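A short write-up of the structure that comes next.
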Amino acid sequence: MAGPFRIRPANRADAPGIAEAERTCFSDPWSEDGLASLFDNSTGVALICESEGPVLRLAGYVFARVIAGEAEILNIAVLPEFRRVGLGSGLLSAALDDLQGRGASSVFLEVRESNDEAKRLYGARGFRAVGVRTDYYRKPRENALVLRLDYR
């Protein structure tokens with residue numbers, strides 16, 4: 001991860017900024033209430049990446065959860081002005097480390113079939129396609145690939 005960035009646990013106070021970033025990054029964003037509910041879940045992992053400097057700025061975030069040894073990446077995003085400097089990879093690594101530390105033996109996620117950049121990121125970390133969810137995404141309607149990573 002290049003540049004002056006830091007990754008830290010996210011909290012409820014971050015929900016408004018994350019909700020705004022959701023609207024920037026996704027065509028079907030999570031609501032602020034939906035995001036805030038993730039902070040109340042003991043199985044959840046919520047990490048935020050900030051640019052350091054005179055003013056901290058939200059650069060990206062990841063939400064995940066682990067239940068009974070299986071983990072799921074719920075959402076990962078990097079704001080457009082911070083892309084292509086390794087933040088997505090850094091957030092994914094931090095989340096995977098956290099999930100493994102919580103006892104996860106495998107991690108699942110869904111990704112749009114057309115999202116080649118995300119598929120490359122996940123493939124580089126060892127995720128492999130294990131299924132398809134037809135019409136999983138709504139805006140626009142699109143299938144999701146289900147990816148899985150097994151810890152060794």
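Here, each number is a calculation from the coordinates, and none is a lab measurement. A quick note: this is a predicted structure, and the numbers were derived from the prediction, not measured. Positions of Cβ are backbone-derived with ideal geometry, glycine not excepted, and every protein chain shown enters the neighbour counts.
For the chain, with a Gaussian network of springs between Cα atoms less than 10 Å apart, report the residue from Glu72, Glu113, Glu22 with the top mean-square fluctuation.
The residue that fluctuates most here is Glu113.
What relative contact order, as a whole-number percentage, does segment 5-150 give when Cα pairs under 8 Å and 6 or more residues apart are counted? Display every interim value, and only then the final one.
Details: 254 pairs, mean separation 26.6, N = 146.
Relative CO of segment 5-150 lands at 18 percent.
Compute the signed sum of charges (Lys and Arg +1, Asp and Glu -1) over the other residues within less than 10 Å, Cβ to Cβ, of Glu50. Before the final figure, lay out the partial values.
Values: positive: Arg6, Arg8, Arg57; negative: Asp14, Glu52.
For residues surrounding Glu50, the net value is +1.
Could you work out the helix-only [θ] at 222 nm for the chain, with each DSSP H run of four or more residues adding -39,500 (n - 2.57) and the total divided by the number of residues, to the nearest 500 deg cm²/dmol? Display every interim value, and only then the final one.
Values: 4 runs with 42 residues, N = 152.
One gets -8000 deg cm²/dmol as the mean residue ellipticity at 222 nm.
At a 10 Å Cβ-Cβ cut-off, how would you order Thr43, Thr134, fewest neighbours first?
On the way: Thr43 13, Thr134 8.
By the 10 Å Cβ count, ascending, the order reads Thr134, Thr43.
For a Förster distance of 25 Å, can you work out the FRET efficiency between the beta-carbons of Arg148 and Ala13, rounded to the nearest 0.05?
On the way: r = 33 Å, r/R0 = 1.33.
Computed FRET efficiency for Arg148 and Ala13 comes out at 0.15.
Count neighbours as other Cβ atoms within 10 Å of each site's Cβ, and list the trypsin sites (Lys or Arg not before Pro) in segment 109-141 that are DSSP loop with at most 15 such neighbours. Before the final figure, lay out each step's value.
Values: sites: Arg112, Lys119, Arg120, Arg125, Arg128, Arg133, Arg138, Arg141; in loops: Arg125.
The qualifying sites are Arg125.
Which distance in Å, rounded to a whole number, links the C-alpha centroids of segment 76-120 and segment 33-65?
Result: 13 Å between the Cα centres.
In segment 1-87, which trypsin sites (Lys or Arg not before Pro) fall in coil by DSSP and have 12 or fewer other Cβ atoms within 10 Å?
Numbers: sites: Arg6, Arg12, Arg23, Arg57, Arg65, Arg83, Arg84; in loops: Arg83, Arg84.
When the trypsin sites (Lys or Arg not before Pro) of segment 1-87 are filtered for loop state and at most 12 Cβ neighbours within 10 Å, Arg84 remain.
Of the candidates Val62, Val45, Val85, which one comes out as most mobile in a Gaussian network treatment of the chain with C-alpha springs shorter than 10 Å?
Result for the chain, Cα springs under 10 Å: Val85 fluctuates most.
Restricting attention to segment 97-152, which chymotrypsin sites (Phe, Trp or Tyr not before Pro) occupy a DSSP loop and are surrounded by at most 15 other Cβ atoms within 10 Å?
Numbers: sites: Phe108, Tyr122, Phe127, Tyr136, Tyr137, Tyr151; in loops: Phe127, Tyr151.
Here the chymotrypsin sites (Phe, Trp or Tyr not before Pro) that fit, given the DSSP loop and packing criteria, are Tyr151.
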